[in-house]
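Structure record follows, encoded as structure tokens.
The values are calculated or read from the model by the stated rules, or taken from the named source; none is laboratory data. Quick caveat: nothing in here was measured; it's all calculated off a predicted structure. Ideal geometry is used to build each Cβ from the backbone, glycine not excepted, and the neighbour counts take in all protein chains shown.
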Amino acid sequence: MPTLQLNGDEGEMSVGMSTKHRSGFTPALRRATAEDHASVDRLVDLPRLVERGYYAAVLGGLIEAAEAVEAVLPGIPRALWVEGLSPAEVSKRAAIDAESSFLDTLGGSRPNSPRVYDIGRLPLTTPGRAAMVGLIYVYVGSALGGLHLLRVARTASWWQTDREQSLLRPYGDQLHARWRAVLDAVDRVDAKDADTAIAAARAGFELHRTALVEHLSAGSHR
């Protein structure tokens with residue numbers, strides 16, 4: 001079954017930035033979270049994204065996950081701001097709001113009571129650099145996976161070709177620069193902070209997995 005690429009080599013290669021030949025912490029983080037990543041990939045059947053209800057369920061889940069991450073982005077340490085990873089640069093707020101409006105017009109079913117997700121067992125009330133970098137790795141990386149979903153969804157008869165904002169392409173032409181900044185920040189994670197970054201990335205994958213499972217389990221698309 002074709003699946004979602006939340007991030008990973010195919011997504012990274014699509015913007016010219018594979019992790020395979022990086023010498024910092026990025027390859028280790030990728031290996032450590034490979035199964036977490038795969039558990040999300042297995043959830044989405046790409047060909048079905050041309051179905052209104054299925055698209056609404058998938059995007060509803062991604063919106064829920066994004067909202068949980070958006071809530072902690074103000075805690076990004078200022079040291080990351082100068083590296084191109086300020087809250088404003090990482091945020092997908094405009095795309096989230098536009099996608100929510102689009103789903104309302106599309107008429108697909110979503111859970112009636114949005115769930116408030118726990119971002120994970122992380123010290124994100126006073127986030128450190130490593131924890132935020134691990135989380136951002138997944139959050140920005142999901143935009144790479146969005147490109148794969150977008151290629152299928154935009155072939156649907158109901159797709160609005162004039163949409164300027166989509167959660168499947170939240171950074172527009174800035175994705176290349178944003179992902180490079182993420183990989184550079186990951187590469188600079190100290191060895192002593194490796195476990196923290198890995199735990200944060202795993203929590204990010206689990207957040208997406210939980211939200212997608214809930215939304216894909218609801219509605220008439222099943």
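Residues in segment 76-115 that are in a loop (DSSP other than H, G, I, E, B), under 30 Å from Tyr54 (Cα atoms) and at pLDDT below 95: Gly107, Gly108, Ser109, Arg110, Pro111, Asn112, Ser113, Pro114, Arg115. Can you name the residue in segment 32-53 that is buried (at least 21 other Cβ atoms within 10 Å of the Cβ) and part of a helix (DSSP H, G or I) and is also farthest from the chain's Cα centre (by Cα) among such residues? The qualifying residue farthest from the chain's Cα centre (by Cα) is Leu49. The residues in segment 56-94 that are within 27 Å of Trp158 (Cα to Cα) and in contact with a helix residue (DSSP H, G or I) (Cβ under 8 Å, 6 or more places away or on another chain) can be counted, and the count is 14.
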